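Here's the structure we're looking at; comments come further down.
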Amino acid sequence: MKKILLTGAFVLSSLMSLTAVAAAAPTPEEEALANITRRQAVFKLLSFANGPLGAMARTAPYDAAAAKTAVERVAMLASMIPEVTAADTSGPASAGIKTRASNTIWTSKADFDKLAADLGAGAAAALEILNTKGEAGVKDAVAAIGPKCGACHDRFRMD
Ligand code: HEC
């Protein structure tokens, strides 16, 4: 009886690993969806990370730790942009997937990656500003980051 149970368990686990192998080969459409969803997640998080600093520049009370965390997160996420946009999703496999990414990203990838690096540099500059000026530097810190988002959107994000 024990043997039968063990054999059954073995067969079941073999079947399960076969299923895992089958699931590991996505279709081009699934791959495109995964790539587009991943990069959009990074941009959503960029907005989430940057939010508290923007709020402090308007009406929210200054919080030194939260301000620094914001720019450190922006820098970290900016460093991921070249990788999460490495896959060219301008082909037919992406038809029907909602994206605002311009196809020109993949004909000008070096320019695009440079704009991502500019955002990283802007976040580093913002951190320096916060470290030296504190609350008095919040608006300058925002100004070191925000235009870098816009520069890339103007060229590579569609309306
Ligand atoms: C190097 C280029 C680049 C930089 C820098 C950049 N973005 Fe974007 N962003 C894009 C592209 C391209 C898309 C469209 C992605 C898509 O739809 O597949 C996008 C989309 C977005 C979206 C919509 C995400 C969604 O699908 O819901 C938000 C929000 C966003 N960006 C915020 C920001 C913020 C905030 C910054 C700066 C802190 C920033 N981005 C910097 C290129 C950039």
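The values are calculated or read from the model by the stated rules, or taken from the named source; none is laboratory data. Remember, it's a predicted structure, so these values are computed and weren't measured experimentally. Here Cβ is always computed from backbone atoms with ideal geometry, including for glycine, and neighbour counts include all displayed protein chains. Calculation scope for accessible area: heavy atoms of the full protein, side chains included, ligands and nucleic acids excluded. Shrake-Rupley method; radii C 1.70, N 1.55, O 1.52, S 1.80 Å.
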* May I ask you to verify whether I81 is at pLDDT 95 or above and within 28 Å of I129 (Cβ to Cβ)? => yes
* **Filtered residue count, region 52-69, keeping only those that are without any contact (Cβ under 8 Å) to a residue 40 or more places away in the chain and surrounded by 13 or more Cβ atoms within 10 Å (Cβ to Cβ)** => 6
* So, of the residues in region 125-145 that are touching a Gly at 6+ places or on another chain (Cβ under 9 Å) and β-branched (V, I, T), which turns out to be least open to solvent (accessible area, probe 1.4 Å)? -> I145
* To do: Taking the options G150, G122, name whichever one is closer than 18 Å to F43 by Cα and crowded, with 16+ Cβ neighbours inside 10 Å.
  => G122
* Consider K44 carefully, then state whether it is basic (K, R), loosely packed, with under 14 Cβ neighbours inside 10 Å and within 13 Å of the ligand (Cβ to nearest atom). => yes
